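Reading through the structure tokens given below for one structure.
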Amino acid sequence: MDYGMLCAQARSLAEAEGWYVALMANASALLWETLPDINWAGFYIVRDGALTLGPFQGKTACIHIPRDKGVCGAAWRENKTMLVPDVHAFPGHIACDSASNAEIVIPLRDAAGEVKAVLDIDSPTPNRFSEADRQGLEAFAHEIERAMKGLEA
Ligand code: SME
């Protein structure tokens, strides 16, 4: 997986359009067409005290995730990437798509370091995401996070 290329594409998407909804929509489409062996890729945005479904690719998903629920809630609460090799072994995992077996969730932060959104990617293959995937996808998320200045709007 060429994460350098993926990040360069994310950067040019962010330069083309700074509105976070359009950027997240194209970013999820880019992940969907580039990353092998995934069944969901998209964003949840912090809104009214919960994570709320944002732009994504994949099956319809749950709309609200509280701070104390799911892998996404843990990434928000702990302000760190959650790399989960087996979602069935993760307490509180929310099964939106029963095909999901592994996932990675990466927080997107504002300039003060506060989590404003998360990037959630699911796979049907247990142990799908490696350390290299974590580093590459954190760099990808960083390109998106730069363009989130208007997130409150
Ligand atoms: N897996 C997430 C829920 C969202 S769906 O995967 C799209 C979680 O447990 O946080």
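The values are calculated or read from the model by the stated rules, or taken from the named source; none is laboratory data. Computed from a prediction, not measured in an experiment: that's the story for all the values here. We place every Cβ from the backbone using ideal geometry, glycine too, and count neighbours over all the protein chains shown. For the accessible areas, the whole protein counts, side chains as well, though only heavy atoms, and no ligand, DNA or RNA atoms are used. Shrake-Rupley method; radii C 1.70, N 1.55, O 1.52, S 1.80 Å.
In table form, for the structure just shown:
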| read-out | value |
| --- | --- |
| About the Cα centre, charge dipole magnitude for the chain (Lys/Arg +1, Asp/Glu -1 at Cβ), debye | 300 debye |
| Order of exposure, largest accessible area first, which applies to Ser100, Ser12 with probe 1.4 Å | Ser12, Ser100 |
| Rg/Rg_globular for the chain, with Rg_globular taken as 2.2 N^0.38 Å and Rg from C-alpha atoms | 0.94 |
| Solvent-accessible area per residue for the range 3-148 (1.4 angstrom probe, square angstrom) | 45 Å² |
| With at most 14 other Cβ atoms within 10 Å, longest stretch of the chain clear of loop GluC sites (Glu not before Pro) (DSSP) | 18-113 |
| Mean residue ellipticity (222 nm) of the chain, computed from DSSP H runs ≥ 4 via -39,500 (n - 2.57), nearest 500 | -11000 deg cm²/dmol |
| Highest-first arrangement of 37-45, 86-94, where packing means the average Cβ count within 10 Å | 37-45, 86-94 |
| The chain: Lys pairs at Cα distance under 23 angstrom, eight or more positions apart or on different chains | 6 |
| Surface share of carbon and sulfur [accessible, 1.4 angstrom probe, percent] for the chain | 53 percent |
